[in-house]
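Take a look at the structure set out below.
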Amino acid sequence: MKKSLFLAVCLSVTFSSSYAGTVKVYAAASLSNAISDIEKIYAKQHPKTDVVAVFGASSVLSKQLEAGASSDIFFSADLDWMNYLIKKQIIHVNQAKPLLFNQLVVISPKNLNIPFKAQSGFNFAQSFKGHLCTGQMESVPAGKYAKQSLIKLNWLNSLKGRIVGTDDVRSALAFVERGECEVGIVYKTDALISQKVNIIGTFPADSHHPIIYPLALTKQGEKNADAIQFEKFIKTSPHAKSIFQKYGFRMNQS
């Protein structure tokens, strides 16, 4: 009886491992819509593979991976946190490839008419009342880019006490959508998915570091054939490319 039960368990494990695989993806919050859409298309083509996506600030996800969280693929909103995981030996340096580019924009609720000029002589602090929302400026990529631009345009000091740092860029978007912040600094791709905000301006590309999204298999993912296949699909599939472009991302052509 015990032998039969043991054999049944072994066969069950063998059967499930042969016919189903799991791929865990840690991706920046700004990739939520795009990766979710890609995942749906991939599921139709590979019904035996279960893709589990976790979204959040690249900083938070990186710290979770450093602490021992399990993930096969890491898709960051900046190079810094990818390099951080390379230094922590969670990702091999030759795995990380820049895949997408984005833009940094200023948004406001649709019911407001706030002027904006991306010029150091423009008094940005006086152009709106209340608070400005963006990602936490010391860690969240969108907030780091925002800080660089505000410094470049000599606006940061005049905004002290009025900047709300959020856990990720989607939280900043939500604050502006609800009118809790009159202005937000987010990625163009985030602003485009919302029906409740207007893009009132774009920061010059030379006012912040290039907004690059690198993709990589973790060392765990390198041993997972399903993860290797899904990462390749993200990088090379025409379906994935069209989805990224639909949401406003630019693809790396090199």
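Observations, loosely collected:
- Of all residues in region 38-71, exactly one satisfies the criterion of being in a helix (DSSP H, G or I), within 16 Å of Gly135 (Cα to Cα) and in contact with a Gly (Cβ under 9 Å, 6 or more places away or on another chain), namely Ser59.
- Yes/no for Gly201 being among the small types (Gly, Ala, Ser), touching a residue at least 40 places away in the same chain (Cβ under 8 Å) and over 14 Å from Ala142 (Cα atoms): yes
- Scanning region 234-254 for residues that are of a type in the set (Val, Ile, Thr) and either buried (at least 16 other Cβ atoms within 10 Å of the Cβ) or not in a helix (DSSP H, G or I) (or both) yields Ile234, Ile243.
- Lone qualifier among Ile185, Ile243, Ile200, Ile212 - being over 19 Å from the mean Cα position of the chain (by Cα) and either at positive phi or of a type outside the set (Phe, Trp, Tyr) (or both): Ile200
- Residue ID - surrounded by the fewest Cβ atoms within 10 Å (Cβ to Cβ), chosen from residues in region 188-215 that are in a helix (DSSP H, G or I) and among the hydrophobic types (A, V, I, L, M, F, W, C): Ala205
- When residues of region 70-80 are limited to those that are touching a helix residue (DSSP H, G or I) at 6+ places or on another chain (Cβ under 8 Å) and over 12 Å from Ala27 (Cβ atoms), the one surrounded by the most Cβ atoms within 10 Å (Cβ to Cβ): Asp78
Only the coordinates and a few stated rules stand behind these numbers; no lab work does. None of the values given here were measured: they were computed from a predicted structure. Counting neighbours? That spans all protein chains shown, and the Cβs are built from the backbone with ideal geometry, glycine included.
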